[in-house]
Each structure stands twice: as C-alpha cells, then as structure tokens.
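Take a look at the following structure, please.
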Amino acid sequence: MLHSPTYREAYAADLKKSLPRIPLVADFAGFAAAGRDLYQLHRGYETAQPYPLDGLNTSPVGNPYEFYAVGEKKMRYVGSGADKDLSSIRFNDRITLAGIPEEAHRYRLGSRSAVDWIIDRYHVKTDKNSGIVNDPNAWSREVGDPRYILDLLARVVTVSLETMTIVDSLPPLDIRDQQ
C-alpha cells in the first residue's frame, strides 16, 4: 500500500506528520500479493541476479580485494552538472560501470534513488571525532568475496527495476468505506 503512487499523493500531508494510515481497499488480494513479492525481492536483495552492466565483468589485475575495493573517494556518476550521466558510474580508479537504465532511478529511498544511496554510503570514511574508520571493503574480506560491493551495486539496479515493475502493476486504490 505504501508504494502506491496514488496512496502517496492522496495522503502526502498525513505521511509527513504521522504514522501511515492503511485504508481498506477493494482489491486487498492484489495489494497483498504485491506486498509479498516486494518482501521476497527486498529480503533477498543479496542473492538477486546482478544487472548486466557494462564493465561488470572486468577481470582483476593483482590482488582482487584491492582491485575491486572502494576508496575514500566516493563512487560518482560520469560527468558533472548538466553533463552528468546517470547511466554510468565511476566505481573506482580501475572500474567504470555503464548501462544503468533510467528506470532504476525511479525507485526512491526517501529523497534518493537506491543507486544514489549505494554511491553515497559505500566508501571508506574516518569519523573526525573518534578516528574510527568505516571501511566497507572489510565486509568483502569477511565474506570472502572481493566483488561484493561491485555486485551489490548491480543487484540494487536489478531490485530497483523489479520493484518498479511491481509498483507499476499495483491495482487501483479503491478505498472501501469502513463499517
């Protein structure tokens, strides 16, 4: 229900101020099936098939953990300003990914797309006050997968596209009277 564009528009003011109100709808089964599909998709995001981006099959040179590592410099879209290309990401100094469909940016987590969220969060950063280093590459080593972050980005593209397919197929928001 919360993914329905009609619901979000109709209850926009309420959603900014309070917890969501879930109305009774005529096609409850349609919303329940979509919710089940979204749950399965998002719960299994780490096992989703990576979207076949150009550059994804880059073979490592040297240590694969270093080759596929993200650094202190954030991933970024190719180009800037008016020339920013949302279909291409400079993953690190060795890898550029291309072919991200425009549709993948429609799925939003708050004010950003899921792809933007990955770009913003997956880089090495040091907390100024404590000096603690947050290195997402450590997880790659822990799970024994040097490509974890690279494949995660491609999986998020897949999940974003499939999410929008489910959202676009939601039944009409036909609210029933509560009796």
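Just need a number here: residues in the stretch 2-33 that are under 25 Å from the mean Cα position of the chain (by Cα), outside any helix (DSSP H, G or I) and touching a residue at least 60 places away in the same chain (Cβ under 8 Å).
Final tally of qualifying residues: 2.
Looking at the stretch 124-151, I want the residues that are within 29 Å of ALA98 (Cα to Cα) and have a partner that is buried (at least 16 other Cβ atoms within 10 Å of the Cβ) and modelled with pLDDT under 95 with Cβ atoms under 6 Å, at least 6 apart or on another chain. Which pairs are those?
none
Exactly one of these conditions fails for GLU103: (1) surrounded by fewer than 19 Cβ atoms within 10 Å (Cβ to Cβ); (2) more than 17 Å from SER88 (Cβ to Cβ); (3) touching a residue at least 40 places away in the same chain (Cβ under 8 Å). Give me its number.
The failed condition is (2).
If you don't mind, there's one more thing I want to ask. With out of contact with any helix residue (DSSP H, G or I) (no Cβ under 6 Å at 6 or more places or on another chain), over 20 Å from LEU38 (Cβ atoms) and modelled with pLDDT of 95 or more as the only criterion, which of GLY99, GLY81 stands out?
From the options GLY99, GLY81, the qualifying one is GLY99.
Moving to a separate point now. Scan (1) in a loop (DSSP other than H, G, I, E, B); (2) of a type outside the set (Phe, Trp, Tyr); (3) touching a helix residue (DSSP H, G or I) at 6+ places or on another chain (Cβ under 9 Å) for the single condition SER160 breaks and write down its number.
SER160 satisfies all of (1) in a loop (DSSP other than H, G, I, E, B); (2) of a type outside the set (Phe, Trp, Tyr); (3) touching a helix residue (DSSP H, G or I) at 6+ places or on another chain (Cβ under 9 Å) except (1).
With the structure loaded, tell me whether ARG155 is of a type in the set (D, E, K, R), touching a residue at least 60 places away in the same chain (Cβ under 8 Å) and buried (at least 19 other Cβ atoms within 10 Å of the Cβ) or whether it fails that test.
yes
Follow-up question, since we're still on this one. Of everything in the stretch 1-34, what is among the polar types (S, T, N, Q) and surrounded by 12 or more Cβ atoms within 10 Å (Cβ to Cβ)? Give them in sequence order.
SER4, THR6
The values are calculated or read from the model by the stated rules, or taken from the named source; none is laboratory data. Everything numeric in this text was worked out from a predicted model, so none of it was measured. Please note: Cβ atoms are built from the backbone with ideal geometry, for glycine as well, and neighbour counts cover all protein chains shown.
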